[in-house]
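Colleague: Structure incoming, see below.
The values are calculated or read from the model by the stated rules, or taken from the named source; none is laboratory data. As the structure is a computational prediction, the values presented were derived from the model and not from experiment. Cβ sites come from the backbone with ideal geometry, for glycine too, and all protein chains shown count toward neighbours. Accessible surface is based on the protein model in full, side chains and every heavy atom, while ligands, DNA and RNA are left aside. Shrake-Rupley method; radii C 1.70, N 1.55, O 1.52, S 1.80 Å.
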2 protein chains.
Amino acid sequence: MEVQHSRNGIDSLTVRLMPTVQREAALQEAQRLPQIVLSPLSISDVELLAIGAVAPLTGFLTHDDYERVVSEMRLTNGQVWSIPLTLPADREFADSIKVGQRIALTEPDGHILAIMTVQEKFGYDKQREAREVFGTEEDKHPGVARLYKQGDVLLGGPIEVIDLPSNRPFMENRLTPAETKQYMAAKGWKTVVGFQTRNPVHRSHEYLQKVALEMVDGLLLHPLVGETQAEDIPADVRMKSYKVLLDNYYPRDRVLLSVFPAAMRYAGPREAIFHALCRKNYGCTHFIVGRDHAGVGNYYGTYDAQRIFDNFTYAELGITPLMFEHTFFCMKCEAIVSSKTCPHDKADHLVFSGTEVRRRLRAGEPLPHEFTRPEVGQVLIEGLHGK
Amino acid sequence: MEVQHSRNGIDSLTVRLMPTVQREAALQEAQRLPQIVLSPLSISDVELLAIGAVAPLTGFLTHDDYERVVSEMRLTNGQVWSIPLTLPADREFADSIKVGQRIALTEPDGHILAIMTVQEKFGYDKQREAREVFGTEEDKHPGVARLYKQGDVLLGGPIEVIDLPSNRPFMENRLTPAETKQYMAAKGWKTVVGFQTRNPVHRSHEYLQKVALEMVDGLLLHPLVGETQAEDIPADVRMKSYKVLLDNYYPRDRVLLSVFPAAMRYAGPREAIFHALCRKNYGCTHFIVGRDHAGVGNYYGTYDAQRIFDNFTYAELGITPLMFEHTFFCMKCEAIVSSKTCPHDKADHLVFSGTEVRRRLRAGEPLPHEFTRPEVGQVLIEGLHGK
C-alpha cells in the first residue's frame, strides 16, 4: 500500500525476471522459436514462477517431480509440493519439438512471456491426476474438467521469463513476494498471517483475521485474482469491498492488501497446502485455513483441508497453519463465534449460504450489519448492479 | 467438573502425598519434632508442592538454587524458575535447629501439614530479592512488604506432605495437576490454553479466552484463590460469577473450571513466568499473558510480563505464551477488539478502570452488557451486597 513500485511493479529482488539487456536478446531468440499459446491457467502459472511465488519451482514439472507430487505431495528432493504445476501441450505440438529444444510461451495475442527449455515431454494419466489431486474423476468438478480438456502431453523444464502477462489488474496492490517481504520488514512485522480469499470479506472472515491478528504482528489480506468460477463475485468488485473494509475497520499499520495472481484449481486440501507454501514465499509465518478451503460443491469434507496439514511437520512446511471452524454471529453471544466458543442453538445463529448472499446482493437487499459491514454490502450491491 | 474425586480431592497419581500407612508413622514422628507455624503464603506453597503444581520443586529452595533463581531465574540444574519458593523462619527458631534435622510444618491451629528435612539454613538479602524479583525495594508493594516482614533466615530442603491445608474451599473445582491432565486426556484435548485470573471475567477477558479457544482444543479457566489483596473481589463471589458465565456463554465440553491454590505475589513479569510453568504442570500447552499480568500499582510496564518471555525458548519453558494487548468493546467495530485490530478513537471504546468497576458493583449499578455479561454482573452485585 505504501510500497514504492519499480518498473511493472517488479523490483530488483525478484529473481526470475531477466535484466533488460538479456531480455532484448531473449526476445529476438523467442521470435524464432516454436511458440505455444498458453491457457489462462498457464499464464497465471508463468506469473507465479516469474515472481517467485511458487519457489522452489523455477519451471514446469519434469516427469519424476510430477509423479512424486501427484502420488506423494513431494518433489523428488523431498520438499513438500502438493499441486502439479505443469505445462500441457497437444500431441501435435509435442511431436513437433525435440527434447532439449527451446520454445516460446505466449499469450493468445502472441505476446511472448517466456522461453522454456524442454527437458522432458511425457504422457500422463489424467484420471489418476484427477483422483489424486482433486479426489474425484468427475468432470463436473471444474478443476477436473479443465484437466480433461487440456493437452495430452506435459512439457517439463525451467523457464526464463521475458515479460509478465499483459492483463495484470490491481497493479497498486499486485506486490511480488520480494515486495511484500520488504513491506513487512519495513513495518517491523516478525509474524504475519496470510488470508486467502476469492470472496468478499464478511464479518465472520474479519473475525478470523482479527483473531489471528491478536497474536501476530501483521495481516496479509491476499485475495486470489486469477481465474475463478463465473459465479464468484468479480475481482474488481471484491477489491473495492476489501479497501472500504480495511479503511473503516482495520488499523492501517497492521494490514497489507495485495493480490495473489494464481488461478483457482478447486483442489481443496491439496490447494490449501499449495496456498500456504505460496504465502510462505510472500513472507507469511502463519496461514489461515478455514472450513472447506479451496473447495467446490461437495467434493471435500468440511475440515479435510485442515486435516491434510497433519501429514507434514512445521519444519517441512515452514509456515504455521491456523485452523478455524465455521464462524457466525450469535444473537445470544452478541459476537461472532464458532461451535468451539458458542454453546447456543442454531436458531440463535445468523447464517446465510453463499447462494443466499449472492441472491440478496443481486436483488439489492442489504445484508444484516452483523453479517456484513454496511460499507462492504453497499460496495458489493453497487458493483454487481454497475455491471 | 465431571472428574471423580478420591479422598480429599487428591487422586493416586499425585506424587507428593504419602500413602496412609506411612502417613500415620509420619504424623507420630512430626508430633515430636520442632514445629514451625506457616504463614498463609507458605501454607499455599505447601499445597502447591504437595500436588505437583510447582514441579520440578519438591521442597523449599536451598541456598544455591535460591541464589540462581533470584539472580538468573534458573535453578542450579539450569531449568527455568522465576519465583523463589522459600521457607522463612525467624532467627530464634533457625538457631534452635540443626542442619540435617527434621521439622514439622504446621498451620496456626497446630494442624501438621508436612515434615521437612532441613538441608540448609541461610541468611539472605531482602532488598536484593525485592529488587530482583519485584523490581522495587518499596515496601508499598504488597509482595515486598510481605518479604520485609518475614523471617530473616531461609530453611531449604525437601518436604514430605502429611496433610493438605484445612482451608481448601471449592473442593469440587480444586483439581490437582494429575486430575486436570486426566480430564484433558479424557476429553481428547491435545492443546489446552490456561487462563489465570484473580478478577471477574468481563467480556474483554472472555474474548481473549475465546480467541485462544478458536485455535486450541480446550480452555482451563484457572482462577487463583490463594491469598490476594483485600480490595480484590472475594474468591467465592468470583467462583459463582465464573460458573454463571460458563453455564451461559461457553460450550460445556471445551472448558474446565478449576482453582489454582497459589497466593498472589504481585511479582508481575516473574510471576507470569511462574504462572505459565505451573500451568504446564496442570497440562496446559498454551498460557494467556495479558497486559500487566500479576501486576500491582504502577510497578511494571504494561507489557513487561510479555517481554520477559523473550528471555526463554519454547524448549526451556515447555508451554507457549499467548500475548494479548488491551482489549475493549468498540462501538464502531460492534465487537471486542484491541489496538491491534481496531482503528477507531478512544471515544468509541468502552473502557472502565478496575476502581470504577468496583465502585459500580458496590453501588449496585449494573455494568453495560457490552462490558460484562448481565448474568455475571448480577452475581457480582449480589455477592458484594450479601457480604
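Colleague: Reachable lysines from B:Lys240, Cα under 17 Å, same-chain residues fewer than 8 places away excluded?
Modeller: Cα-Cα hits under 17 Å: B:Lys387.
Colleague: Continuing with this model, one more query. I'd like the interface area for chains B and A: accessible area of each alone minus the complex, both sides summed, 1.4 Å probe, protein heavy atoms only. What is it in Å² to the nearest 100?
Modeller: Details: alone 16840 and 16850 Å², together 31080 Å².
For chain B against chain A, roughly 2600 Å² becomes buried.
Colleague: Can you tell me how segment A:261-318 classifies by the Cα gyration tensor, rounded, prolate or oblate, using a/c under 1.5 as the rounded cut? Numbers along the way, then the final one.
Modeller: On the way: a/c = 2.30, a/b = 1.36, b/c = 1.70.
Oblate is the answer for segment A:261-318, as a/c is 1.5 or above yet b/c matches or exceeds a/b.
Colleague: Using the 7 Å Cα-to-Cβ label point, sort the distances from A:Gly110 to its equivalents in the other copies shortest first and give them in nm to one decimal.
Modeller: Taking the point 7 Å beyond Cα along Cα→Cβ, the inter-copy spacings are 10.9 nm.
Colleague: Let me ask you something else. For the rotation bringing A onto B, which A residue has its Cβ nearest the axis, and at how many Å?
Modeller: So the closest residue, with its distance, comes out as A:Val211, 2.
Colleague: Could you tell me the distance between the Cα centroids of segment B:235-293 and segment A:269-310, to the nearest Å?
Modeller: Spelled out, the Cα-based centre of one part sits 33 Å from the other.
Colleague: Place a point 7 Å from Cα of B:Thr320 in the direction of its Cβ. Which residues in segment A:302-328 have their backbone N less than 11 Å from it?
Modeller: Under 11 Å, as judged by backbone N against the label point of B:Thr320, lie A:314, A:320-323 of segment A:302-328.
Colleague: Could you tell me how many degrees, from 0 to 90 and to the nearest 10, lie between the Cα long axis of helix B:269-281 and the main elongation axis, the longest principal axis, of the Cα atoms of chain B?
Modeller: 80 degrees
Colleague: What does the copy distance list look like for B:His385, label position 7 Å along Cα→Cβ, in nm and ordered from shortest?
Modeller: Computed spacing set for this position: 5.2 nm.
Colleague: If you take the charge dipole of the protein assembly as shown about its Cα centre, with +1 on Lys and Arg Cβ and -1 on Asp and Glu Cβ, which of B:Pro234, A:Ile115, B:Met116 is farthest toward its positive end?
Modeller: Going by the charge dipole, the pick is B:Pro234.
Colleague: Would you mind telling me which residue in A:Thr86, A:Thr313, A:Thr106 has the biggest mean-square fluctuation in a Gaussian network model of chain A, where springs connect alpha carbons within a distance under 10 angstrom?
Modeller: Result for chain A, Cα springs under 10 Å: A:Thr313 fluctuates most.
Colleague: Shielding by partners for B:246-257, please: the mean number of other protein chain Cβ atoms within 10 Å of each residue's Cβ.
Modeller: Mean shielding by partner chains, rounded to a whole number: 3.
Colleague: Mind checking the per residue accessible area of chain A for me, 1.4 Å probe, whole number of Å²?
Modeller: 40 Å²
Colleague: Is there a quick way to get the dipole size of the protein assembly as shown? I mean about its Cα centre, with the Cβ of Lys and Arg at +1 and of Asp and Glu at -1; what is the value in debye to the nearest 20?
Modeller: Using Cβ point charges on Lys, Arg, Asp and Glu, the protein assembly as shown gives about 560 debye.
Colleague: A follow-up question, please. Distance between the C-alpha centers of segment B:37-103 and segment A:50-105? Whole Å please.
Modeller: 64 Å
Colleague: Placing a label point 7 Å from Cα toward Cβ, how far apart in nm is B:Leu27 from its equivalents in the other copies, listed shortest first to one decimal?
Modeller: With the label placed 7 Å along Cα→Cβ, B:Leu27 yields 9.6 nm.
Colleague: Which listed residue (A:Leu246, B:Ile159, A:Leu33) has the Cα farthest towards the positive end of the charge dipole for the protein assembly as shown, taking +1 on Lys and Arg C-beta and -1 on Asp and Glu C-beta about the Cα centre?
Modeller: Value computed over the given set: A:Leu246.
Colleague: Could you tell me the relative contact order of chain B? Use alpha-carbon pairs under 8 Å, at least six residues apart, and round to a whole percent.
Modeller: Computed over chain B, the figure is 16 percent.
Colleague: Just for chain B, what percent of DSSP beta bridges are antiparallel, to the closest 5?
Modeller: Expressed as a percentage, antiparallel bridges in chain B total about 55.
Colleague: Using the Cβ atoms and a cut-off under 10 Å, what net charge is assigned to the surroundings of A:Phe371, where Lys and Arg are +1 and Asp and Glu are -1?
Modeller: On the way: positive: A:Arg203, A:Arg360, A:Arg373; negative: A:Glu370.
Residues near A:Phe371 contribute +2 overall.
Colleague: Also: Pop out the carbon and sulfur fraction of the accessible area of chain A as a percent, whole number, probe 1.4 Å.
Modeller: Details: 7520 of 15540 Å².
C and S fraction of accessible area: 48 percent.
Colleague: If you average the C-alpha positions of segment B:328-348 and of segment A:151-206 separately, how far apart do those two centres end up, in angstrom?
Modeller: So the separation of the two Cα centres works out to 30 Å.
Colleague: Which shape class, rounded, prolate or oblate, goes with segment A:171-384 when its Cα gyration tensor gives a ≥ b ≥ c as root eigenvalues, a/c under 1.5 marks rounded, and past that a/b bigger than b/c marks prolate? Could you put the intermediate results ahead of the total?
Modeller: Working: a/c = 1.39, a/b = 1.22, b/c = 1.14.
Rounded shape, in that the Cα axes give a/c under 1.5.
Colleague: For segment A:72-220, how many pairs of lysine residues have a Cα-Cα distance under 13 Å, where the two are 8 or more positions apart or belong to different chains?
Modeller: Final tally of qualifying lysine pairs is 4.
Colleague: Could I ask something else about it? Kindly identify segment A:219-332 as rounded, prolate or oblate by the Cα gyration tensor criterion: order the square roots of the eigenvalues as a ≥ b ≥ c, call it rounded if a/c is under 1.5, otherwise compare a/b with b/c, prolate if a/b is larger, else oblate.
Modeller: rounded
Colleague: What 222 nm value per residue comes from the helices of chain A, counting each DSSP H run with n ≥ 4 as -39,500 (n - 2.57) and dividing by all residues, nearest 500 deg cm²/dmol?
Modeller: The helix-only estimate for chain A comes to -10000 deg cm²/dmol at 222 nm.
Colleague: On to the next question. Give me the dipole magnitude in Debye, nearest 20, for segment B:171-384 about the Cα centre, with unit charges on the beta carbon: positive for Lys and Arg, negative for Asp and Glu.
Modeller: Dipole magnitude for segment B:171-384 comes out near 280 debye.
Colleague: Taking the simple approach of a point 7 Å from Cα along Cα-to-Cβ for both A:His369 and A:His385, what is their distance in nm?
Modeller: Computed distance between label sites A:His369 and A:His385 equals 2.0 nm.
Colleague: Taking 8 Å as the Cα distance limit and 6 or more residues as the minimum spacing, I'd like the relative contact order of segment A:234-297 as a percentage.
Modeller: Once divided by the residue count of segment A:234-297, the mean separation gives 33 percent.
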